[in-house]
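The values are calculated or read from the model by the stated rules, or taken from the named source; none is laboratory data. All values reported here derive from a predicted model rather than from experimental measurement. Don't worry about glycine lacking a Cβ; one is built from the backbone with ideal geometry, like all the others, and counts go over all protein chains shown. Heavy atoms of the whole protein, side chains included, go into the accessibility calculation; ligands, DNA and RNA do not. Shrake-Rupley method; radii C 1.70, N 1.55, O 1.52, S 1.80 Å.
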Amino acid sequence: MKRREFISLLGGAAAWPVAAPAQPALPVIGFLSGALPGPYAPFAAAYHRGLKETGYVEGVNTAIEYRWAEGEVDRLPALAAELVRRQVAVIAATGGISSALAAKAATTTIPIVFGVAQDPVKLGLVASLNRPGGM
């Protein structure tokens, strides 16, 4: 092998790690809550356990963007809009009806997961129980 061939081979090998394909981005869950993070900690821990039981582990195969209104429900629309701009894969609207309504007002394309004690059809959260997305 000639000197120039060796140098070319060495230079190409040094550049190889840079040319390696990047790791795919983790899917992002948007977590929207009107609550304070501290008192909500037991519920957030249960949320993480539930995700783990279904195969989703924060930092391993999913990421979570947290938005806390800290008891100021008037902040929820802006926080929901932040999650939409972040292009999260799904929004988990927790802590009551206000979070779910703010998420619904912010997007028509991102799926929203919520739990409410009242009828979600009467609240305007879904079109029907048979076809929540309205399709």
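Here are the numbers for the structure shown:
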quantity	calculated
Residue within segment 110-118 that is surrounded by fewer than 17 Cβ atoms within 10 Å (Cβ to Cβ) and more than 18 Å from Gly30 (Cβ to Cβ) present	yes
In segment 100-129, residue farthest from the chain's Cα centre (by Cα) [restricted to those that are assigned to a loop (DSSP other than H, G, I, E, B) and among the β-branched types (Val, Ile, Thr)]	Val121
Residue list for segment 50-84, filter: open to solvent by 50 Å² or more (accessible area, probe 1.4 Å), closer than 25 Å to Leu123 by Cα and part of a helix (DSSP H, G or I)	Val73, Asp74, Arg75, Pro77, Ala78, Glu82
Residues of segment 67-123 that turn out to be within 21 Å of Ala46 (Cβ to Cβ) and free of Cβ contacts under 8 Å to residues at least 40 places away in the same chain, as a count	14
Those residues of segment 29-49 which are closer than 14 Å to Gly115 by Cα and open to solvent by 80 Å² or more (accessible area, probe 1.4 Å), in sequence order	Phe43
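A quick yes/no check of all residues on (1) at pLDDT below 95; (2) hydroxyl-bearing (Ser, Thr, Tyr); (3) under 16 Å from Ala103 (Cα atoms):
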{"position": "Leu36", "(1), (2), (3)": "yes, no, no"}
{"position": "Pro42", "(1), (2), (3)": "yes, no, no"}
{"position": "His48", "(1), (2), (3)": "yes, no, no"}
{"position": "Tyr56", "(1), (2), (3)": "yes, yes, no"}
{"position": "Val60", "(1), (2), (3)": "yes, no, no"}
{"position": "Trp68", "(1), (2), (3)": "no, no, yes"}
{"position": "Pro77", "(1), (2), (3)": "no, no, yes"}
{"position": "Leu83", "(1), (2), (3)": "no, no, yes"}
{"position": "Val88", "(1), (2), (3)": "no, no, yes"}
